[in-house]
Structures are given as C-alpha cells and as structure tokens.
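*Asks:* Structure provided below as structure tokens; questions to follow.
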Amino acid sequence: MGLIELLPPGAILIIGGLLVPLLPGRLKPWAGVVLPVLGFMHLLALEKGFVQNLVVFGYELTPVRVDGLSLVFGYVFFIAAILGGIYGLGVRDNVQLVAALTYVGSAIGGVFAGDLITLFIYWELTAITSVFLVWAGRTKRAAKAGMRYLIIQVGSGVILLAGVILHFVDTGSLDFDKLIGADGLLGSASIGVLLIFVAFGIKCAFPLLHNWLQDAYPESTATGTIYLSIFTTKMAVYALARGYPGTGVLIIIGAVMTAFPIFFAVIENDLRRVLTYSLNNQLGFMVVGIGIGTELALNGTAAYAFANIIFEGLLFMAMGAVLLRTGTCLGSELGGLYKTMPWTAALCIVGAASISAFPFLSGFVTKPLILDETAAGHHVIIYLMLLFASAGVFHHSGIKIPYFAFFAHDSGKRVKEAPANMLFAMAVMAVMCIGIGIFPEVLYRVLPYQMDYHPYTTTHVITQYQLLLFSALAFVFLQKTGLYPPELRSTNIDTDWIYRKALPAVVRASVGIGHTVVDAIRVPVRALLQGISGLVYRLHGPEGVFARTWTTGSIAFWAVVVLCGYLLYFLGR
C-alpha cells in the first residue's frame, strides 16, 4: 500500500493544522489554503471503490471507504475549506487556524469512515475541535455558549458510542452501512440502532434538539462561523443518508424542520442567527429526501447538500464581512450599506437568490429532486409543507438578509468594502452558484446514482416563479402595511429557554421550598426526637425498667404469659 492509500482523507489537514503554530506569522493564514488544496489533491488520487481495512485489537476496521456518496460530500467539503481559507487570510490567531483545520479534517475523515468505531473517533474530534471556533469569539457569551455546545456535542458522541457497543453485541458487526431494516421502521430496530439514530439527530439539529445552532454559531468570529455552518450538520446528513435511508419517520421530522424555523427567522434581529434558522430549515429538505430513500431522493439530498454548502456559505461570508466592517449583524443597526459595500451586497444577493431557488441558480436545479420524489410518493401534506417552507426561505433569507443589511433604512454607517480576499472567496462561491444552475449536469455526474433528470421543464419554472412572486408580494404587503415585525433589539425565546432559564428556575424554587419546609419542621421534629430519646433512656437507661435485675420467678411468669397468648392465638385460627 502506497503513501497515498495509507493516509486517510483529512489527515493532511489534521496533522498540518497541529503544526501551524510553528510557522512564521505571515505564513500561518496560508496554511488554511495550502493544506486543503493538498488534501483535495490527495482525495482526487484515490480511486472510487478504494477500501482500506485494518485489524486493531482483533477488530476489523475500515478507516477509509471511497464511494459515490462519500465522494460528493468529500469534494464539497474540500472546496468549502479552500474558500474558507482564502476568506480567512487576514486571520493570524493560532486558535482559530488550528481549530478550523483540524475540525475540517475530522469532518472529512468522518465522511470516509467505513466502520462505526472510526466514525465515532472523528465524530468526537469534530466536537472537540469546533468548540474552539466558538470560544474564539472571546466574549462571555461565547464562553458560555461554547460550553453548552461542547456538552451537547460530546453528549451526542457518548450516545453514539453506547449505540455502537449495543449494535455490535447484537450483530457482531461494526460496518457503517444501512442500519435500519428493510421496513424502514424505527419501532422494529434494536436499542443500539435507535441510540445511533438519536446521536445523528442531535448533530443534524432535529426539532427540540436544534437550538445549539442558534446558541453557539453566532457567537463565533466572522471566519469561524463560516466553518461551523458547513461541516457539523452536513456530516450528520451524510451519516443519516448512509445509515437510515428510507426511514419513514425522517419524512415527518424533516418536514417539521423546514417549517418551524421560518417563524423564528422572521422575528429574529441578529442576521447571522437568522441564517442559522435558515440552515435548520435547509437541513429539513435533506432529511425528507433521506426519509423517502429512493435513488433520486438520495441524489437530491446529496446535490442539495452540495449546493447548500456553497450558497449558505456565501450568505454567512457576506454577513461576516458586514460584521468585520460594522461590528454588528443586528438588522436594527444596519441598512444603507450598499452605498459603501456594493460588491458584498451584490454577492449576497446571488447567495440569497440561490437559496430561494431562482431559475438558473444552484438551488433551482437541486431542490426539485427532493420535491418531485415527495410528490411521486404521494406525500401530499409533506409536499405542501415543503412548498410553504420554500416560500418562507425566500422570505427570510432571500429578502430579509440582503434587504435589512444593505438597503431598508439608512443606518448612516459609511464603512470600507470587504477585504479583497473575502470578496474573492465570495465571488468564487457566487460563480459556482450560477455555474451549477446553468450546467447542472456537472454536479449530477458526481452524484451517488446515475439518473436522467431535467430541471428546466415548463412546470418547474412556472411553479417556482409563482412561488417567488407571491412570496415577494406578501413581503411587500406586510412591509407597506406595517404588519411585518420590525427589527428591534430583543431576545428570541426558543426551546433553549427550557434548559437555560426554566429548569434552573425550577431547581432554585425547589431548593427554596426545601429550605422553607426544613425550617418549618425543624423545631417539632427536634422535640419529637428528644421525646423519643428520653423515653428510650427511661426504659433502657441505667435505672430503666429493662435495665433492672429481674428475679427468676418474674421471668418464668412472663414466659408463661407469652406462651399462653401464643397458644390462644393459634387456637383462635
């Protein structure tokens, strides 16, 4: 086995990332570009179908498996890492550079893992390395959010490990392939398979398990949030697509994921937090595709994940540039930036149009793969929910993000345009959004399954234009009538309120009630205990009844009394 085959994909980034602090100051940021390029070249040198097997302590492991599904995610992960490195060329912080590279390498390693133990190792590495990107914000909020994030992510890994152990005990296999049965029902799955499913769901931000996204990601730096928005959740999408294709409950979970973030995104003031809700929404489409489980639906999931990483990354980059120049991403404090940041505004609009699935952009040629299979499977209610969610995406990401950041009311801020390296990275992503939209066959050729799909049909185009038109009219109507929620400095209460506020309040109240009860019963209980103690002393003390010397006759008498009572009891029965 040559060096190329011996080295797992992502290892170059992990090893090189750990060595970054040893480089001269000016060269450090370039490691974020050079190492992903070298890693991408290494991946391209591996042949499709290559499998690396190892025996460790008697267990057969598969550290590397290269197939159609892993390659799609591997390609886009490396592309995003390269562009993220270019975007962050101004960063000279060792913490961010080391964390970003090792985090990316770990996520890529997880995508190519062929067994559950290797997956677990990379799963935990992504948690440990990514939290430093949150802490890199170096604020009190970032410190607390990072700790909560770490607990949740490591907890996901613990659940995963427990599931892997139970699954191995049941089956004797550590292979990371389809884990769910042919019926696609979780009810018939083993406890191990259910635990693995929960672990994947936490990292994929299932409903009620999602709020670590909105809690942690916006607290990172302008560059750190780019990396965070790409790798963790998409690694979980890959894991679900690998282990749980055709699992029916994922259709319902995914549909809920697409719908509920819309309401939060509309009233959220922090535009980076709006994008995290948008990310949650976008993940829902992918989860629906995995739940349907047909080859076309799984192709749609992979294609939409690829496109989403590009256009969502572009939007996060645009907001990162705004944050860098203005020091804020609050919609209430922005507006009018198109005057001094025209290129950033234009590139942001391309990303907004792509996520909204405008024709001739990447979202339009990838999302219909999932929508069409949903309709073909006669999931009418789910299909209508996805249409509603698509309109919502245009509403809060396609319109709200660029409108309140660059237009709307003039905030009076006159700042410099984004740095050249940031503009270059955003421009490449914008070109990719347009290129995939015009030439979708290029992306279709690298999908896991062969297909013959034509997105530019009359029905697709007309339906999408109608959706976009009426969604835009609704936004204009709400704005003109004053019904649209204004951008105000406020706190958006989400499910995290339960464990951040409600549970601590319940604990504090319970402790207070406990102290009150203890104070109330302390005196009578003490008196009762003293009385019992006195009675015991009087009976058993030195002068007590039971401490006296009894005569033999007295003992014999009471023995006869007890025996008679015993005989009478049994005669009565």
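What follows is calculated from the coordinates using simple rules that are stated; it is not laboratory data. Please read these numbers as outputs of a predicted model, since none were measured by experiment. FYI the Cβ positions are ideal-geometry reconstructions off the backbone, even for glycines, and counts take in every protein chain you see.
*Asks:* What percentages, rounded to whole numbers, describe P(r) for the range 1-244 computed over all alpha carbon pairs with 5 Å bin width beginning at zero?
*Replies:* Pair shares across the bins are 1, 7, 14, 18, 19, 16, 12, 8, 4, 1, 0, 0.
*Asks:* Please give the charge dipole size of the chain, origin at the Cα centre, charges +1 on K and R Cβ atoms and -1 on D and E Cβ atoms. Round to the nearest 20 debye.
*Replies:* In debye, rounded to 20, the chain gives about 2020.
*Asks:* Dipole of the chain (Lys/Arg Cβ +1, Asp/Glu Cβ -1, origin at the Cα centre): which of PHE73, VAL193, VAL476 lies farthest to the positive side?
*Replies:* Ranked along the dipole, the leading option is VAL476.
*Asks:* Would you compute, for the Cα atoms of the chain, the largest minus smallest coordinate along each principal axis and list the three values in descending order, in whole Å?
*Replies:* 114, 61, 59
*Asks:* Which of the lysines could a cross-linker bridge to LYS480, judged by Cα under 21 Å and excluding same-chain residues fewer than eight apart?
*Replies:* The reachable lysines, counting only those whose Cα sits under 21 Å from LYS480, are LYS400.
*Asks:* Now a separate question. Given 0.36 nm per residue, what is the gain on full extension from ARG141 to LEU563 after removing their alpha carbon distance, in nm?
*Replies:* This chain segment gains 144.2 nm when fully extended.
*Asks:* Along the charge dipole of the chain, Cβ charges K/R +1 and D/E -1, which of GLY90, VAL393, LEU568 sits furthest on the positive end?
*Replies:* LEU568
*Asks:* May I pose another question? Taking the Cα centre of the range 1-244 as origin, sum charge times position over the Cβ atoms of Lys and Arg (+1) and Asp and Glu (-1), and report the length of that vector in debye to the nearest 20.
*Replies:* Computed charge dipole of the range 1-244: roughly 1020 debye.
*Asks:* Highest mean first, how do 30-39, 265-274 rank when packing is the count of other Cβ atoms within 10 Å averaged over residues?
*Replies:* 265-274, 30-39
*Asks:* So, one more: How many angstrom lie between the Cα centre of the range 316-370 and the Cα centre of the range 76-153?
*Replies:* 24 Å
*Asks:* So which GluC sites (Glu not before Pro) in the range 352-441 pass both tests, a DSSP loop state and at most 16 other Cβ atoms within 10 Å of the Cβ?
*Replies:* Hits after loop and neighbour filter: GLU417.
*Asks:* Moving on. Counting other C-beta atoms within 10 Å, which of TYR566, TYR383 has the fewest, and how do the rest follow?
*Replies:* TYR566, TYR383
*Asks:* Please report Rg (one decimal) and Dmax (integer) in Å for the Cα set of the range 247-494.
*Replies:* Both quantities, over Cα of the range 247-494: 17.7, 53 Å.
*Asks:* Roughly what would the spin-label model give for LEU387 and LYS416, points 7 Å off Cα along C-beta, in nm?
*Replies:* For LEU387 paired with LYS416, the spin-label model returns 4.9 nm.
*Asks:* If you keep only loop residues by DSSP, which GluC sites (Glu not before Pro) in the range 1-100 have at most 14 other Cβ atoms within 10 Å of their Cβ?
*Replies:* Here the GluC sites (Glu not before Pro) that fit, given the DSSP loop and packing criteria, are GLU47.
*Asks:* Something else now. Please order PHE360, PHE264 by the number of other Cβ within 10 Å, starting at the fewest.
*Replies:* Result, fewest neighbours first: PHE360, PHE264.
*Asks:* By how many nm would the segment from VAL37 to VAL431 lengthen if fully extended, with 0.36 nm per residue of separation less the alpha-carbon distance?
*Replies:* Residue separation times 0.36 nm, minus the Cα-Cα distance, leaves 139.9 nm.
*Asks:* Using per-residue counts of other Cβ atoms within 10 Å, averaged over each peptide, order 511-523, 301-313 from highest down.
*Replies:* Top of the packing list down: 301-313, 511-523.
*Asks:* Of LYS413/LYS501; LYS203/LYS367; LYS144/LYS416; LYS367/LYS413; LYS48/LYS203; LYS367/LYS501, which sit over 29 Å apart, Cα to Cα?
*Replies:* Beyond 29 Å between Cα atoms: LYS413/LYS501; LYS144/LYS416; LYS367/LYS413; LYS367/LYS501.
*Asks:* Report, in debye and to the nearest 20, how large the dipole of the range 247-494 comes out about its Cα centre when Lys and Arg carry +1 and Asp and Glu carry -1 on their Cβ.
*Replies:* The dipole magnitude comes to about 720 debye.
*Asks:* Going by C-beta contacts inside 10 Å, put PHE358, PHE168 in order with the fewest on the left.
*Replies:* PHE168, PHE358
*Asks:* Scale the Cα Rg of the range 365-424 by the rule-of-thumb value 2.2 N^0.38 Å and send over the ratio, two decimals.
*Replies:* 1.75
*Asks:* What residue among TYR456, GLY49, SER332 has its Cα farthest toward the positive end of the dipole of the chain, where the charges are +1 on Lys, Arg and -1 on Asp, Glu, each on the Cβ?
*Replies:* In the chain, that residue is SER332.
*Asks:* Once the Cα atoms of the range 403-535 are picked out, what are the Rg and Dmax in Å?
*Replies:* Reported Rg and Dmax, both Å: 31.8, 96.
*Asks:* Something else about it: Straight-line reach from LYS140: which aspartates and glutamates fall under 14 Å, measuring Cα to Cα and dropping same-chain residues less than 8 apart?
*Replies:* Cross-link targets: ASP215, GLU219.
*Asks:* Loop-only check: which trypsin sites (Lys or Arg not before Pro) in the range 23-86 are DSSP coil with at most 11 other Cβ within 10 angstrom?
*Replies:* ARG26, LYS48
*Asks:* For the pair LEU529/PHE439, report the inter-label distance in nm, with labels modelled 7 Å from Cα in the Cβ direction.
*Replies:* Output for this residue pair reads 8.4 nm.
*Asks:* Mind jotting down the distance between the C-alpha centroids of the range 388-447 and the range 172-215, whole Å?
*Replies:* Spelled out, the Cα-based centre of one part sits 32 Å from the other.
*Asks:* Hey, can you rank 6-14, 278-286, 492-500 by average C-beta count inside 10 Å, highest first?
*Replies:* 278-286, 6-14, 492-500
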